[in-house]
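All remarks here apply to the structure that follows.
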Amino acid sequence: MKNSALALALTILCSLIPVFSADLSEQARASGDLSFDRILNRLTEEYSEGLRMPAAPLPADLQAYQDDRFWVTVSAAGSSERTKLLEAGMDIVEIKGDKVSGTVHKDLMSGFAAKGILLAFKKPLSAHLSAHMKDFPAADAAYHNFKETTELLKALVAKNSDIASLISIGKTIEGRDIWCLRINSTAQGTKASAKPGAVYIGNHHAREHLSNEVPLLFAVWLLDNRATPEITKYIADLDIYVIPMLNPDGAEYDIKTGSYKWQRKNMRVNADKSIGVDLNRNYDSWFGGEGTSHSPATDTYCGLSAFSEPETMAIKKFVEARKNLKTLNSYHSYASAILYPYGGSRNEVPDVKDRKVFVNMAKQMGLLTGYDPEKSSDMYVATGDGCDWAYDVGKIFAFTTELEGGSFYPLATILDKAVKNNIKAAVYMLSVTDNPYKAIN
Ligand SMILES: [Zn+2]
């Protein structure tokens, strides 16, 4: 054991093994309760044939919208090479060795050639998608879309009303609530709490559906296990927030037609009629600098100004109103990495002690998930990042967890492991939230 916090976390995890291995009996499934195992099992069955979404007509203003992106592969060996691609307007989706794949809007392709960037592979994104996702079911629904996420959160609060409350931290561009589940034994709703706070955020990026499921199911799991002494203690001592779906507009758009849109951004209609701002380029942290694009049609478009979007503004207000927040985990997919600041700069965080906390916490969460701990900008430099901002503005130890799955639409083979391992890392984060400097003791 390297430190007491990890030892504590592992002790808790050992005590949870019976929960993890519990039989998913027909009886439990039929009971209609809110148990973690039942919900995860239901998801696993549904993910086994890919995410299934109901088809629905698009709103009129989106029907004419043409997806003009290409899927490209480029040779780019290191962080600075990859950052150049971002600046040229590429959205990096996969890194495999020295090859990088992702999307580029058609209007920017000529700029790639002008910059001497050679494309090893290129085809329209629609062709790439149809080659990789052949099975779009017409109607089958019970994945946690926005409505189901909302209903589950409300049901959790109804069942645990003594310690759980649900607040809307703001409305999206299209007017949906950004839900935040709070777990705190003494403070409800927006009432202030002096207890150290932890926050888990999912779904900055619409198509990263697993990034909604992980924090959502973590909340289910915490409440399901609230009588376990260690969890009871965290609930008594800490102020815990889960914001599973920050970008519900984009998530709904991604799934609602029955064929996946590969939507990353929110649903802002830009001046040029293109759709969306990249929410994780929109924070006030080196805003508009390296690794983002100022072309509205690109997937990494940073927006007109920092916090121009209601979704990021909701996080800004949420964080600034809660000076007790100590830790933050923002979920994305699918690079299998635990990333720590800075992402918008190649520099290390200046405080040596804080840097050690980041490195050690990332290492421990990496051990629990099997993901690679890494300084965010070592992958590529991307400005306007929410974790950089949260650390600089509130000294919050903020991490990006890049989940696994090898796809934005992962199959059941990874879901069970991914959710459970990430719950372990989330519990570890709770174990140091009272004093993150424990991570270096
Ligand atoms: Zn993401």
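The values are calculated or read from the model by the stated rules, or taken from the named source; none is laboratory data. Keep in mind it's a predicted model, so treat the numbers as computed, not measured. Positions of Cβ are generated from backbone atoms using ideal geometry, with glycine treated the same way; all protein chains shown enter the neighbour counts.
So here's what we get for this one:
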quantity	calculated
Of all residues in region 202-229 being within 11 Å of the ligand (Cβ to nearest atom) and among the aliphatic types (A, V, I, L, M), the one that is surrounded by the fewest Cβ atoms within 10 Å (Cβ to Cβ)	210
Residues (surrounded by fewer than 21 Cβ atoms within 10 Å (Cβ to Cβ) and not in a strand (DSSP E or B)) located in region 177-194	185, 186, 187, 188, 189, 190, 191, 192, 193, 194
Residue selected from region 376-407 under the condition assigned to a loop (DSSP other than H, G, I, E, B) and either more than 16 Å from the chain's Cα centre (by Cα) or of a type in the set (A, V, I, L, M) (or both), by the criterion nearest to the ligand (Cβ to nearest atom)	382
One residue from 195, 191 being in contact (Cβ under 8 Å) with a residue 60 or more places away in the chain and more than 16 Å from the ligand (Cβ to nearest atom)	195
Single condition residue 423 does not satisfy, out of (1) β-branched (Val, Ile, Thr); (2) part of a loop (DSSP other than H, G, I, E, B); (3) away from the ligand (no atom under 16 Å from the Cβ)	(2)
Residue, nearest to residue 414 (Cα to Cα), within region 328-352, restricted to residues that are of a type in the set (Gly, Ala, Ser) and more than 11 Å from the ligand (Cβ to nearest atom)	336
Members of region 402-441 that are surrounded by fewer than 18 Cβ atoms within 10 Å (Cβ to Cβ) and small (Gly, Ala, Ser)	406, 412
Number of the condition not met by residue 219 [criteria: (1) more than 17 Å from the chain's Cα centre (by Cα); (2) part of a helix (DSSP H, G or I); (3) among the small types (Gly, Ala, Ser)]	(1)
Residue match in region 222-238 (condition: under 19 Å from the mean Cα position of the chain (by Cα) and assigned by TED's automatic domain parsing to the domain that holds residue 415)	yes
Test for residue 365: is it more than 16 Å from the ligand (Cβ to nearest atom) and either in the same structural domain as residue 79 (by TED's automatic domain parsing) or under 15 Å from residue 404 (Cβ atoms) (or both)	yes
Selected residue (criterion: farthest from residue 387 (Cα to Cα)) from residues of region 195-206 that are in a strand (DSSP E or B) and not aliphatic (A, V, I, L, M)	197
In region 320-361, the residues that are out of contact with any helix residue (DSSP H, G or I) (no Cβ under 9 Å at 6 or more places or on another chain) and farther than 12 Å from residue 397 by Cβ	321, 324, 350, 352
When residues of region 280-317 are limited to those that are touching a Gly at 6+ places or on another chain (Cβ under 8 Å) and of a type in the set (A, V, I, L, M, F, W, C), the one nearest to residue 436 (Cα to Cα)	315
Subset of region 239-256 that is part of a strand (DSSP E or B) and more than 16 Å from the ligand (Cβ to nearest atom) - its residue that is nearest to the chain's Cα centre (by Cα)	242
Counted residues, region 257-275 - those being assigned to a loop (DSSP other than H, G, I, E, B), crowded, with 19+ Cβ neighbours inside 10 Å and more than 13 Å from the ligand (Cβ to nearest atom)	5
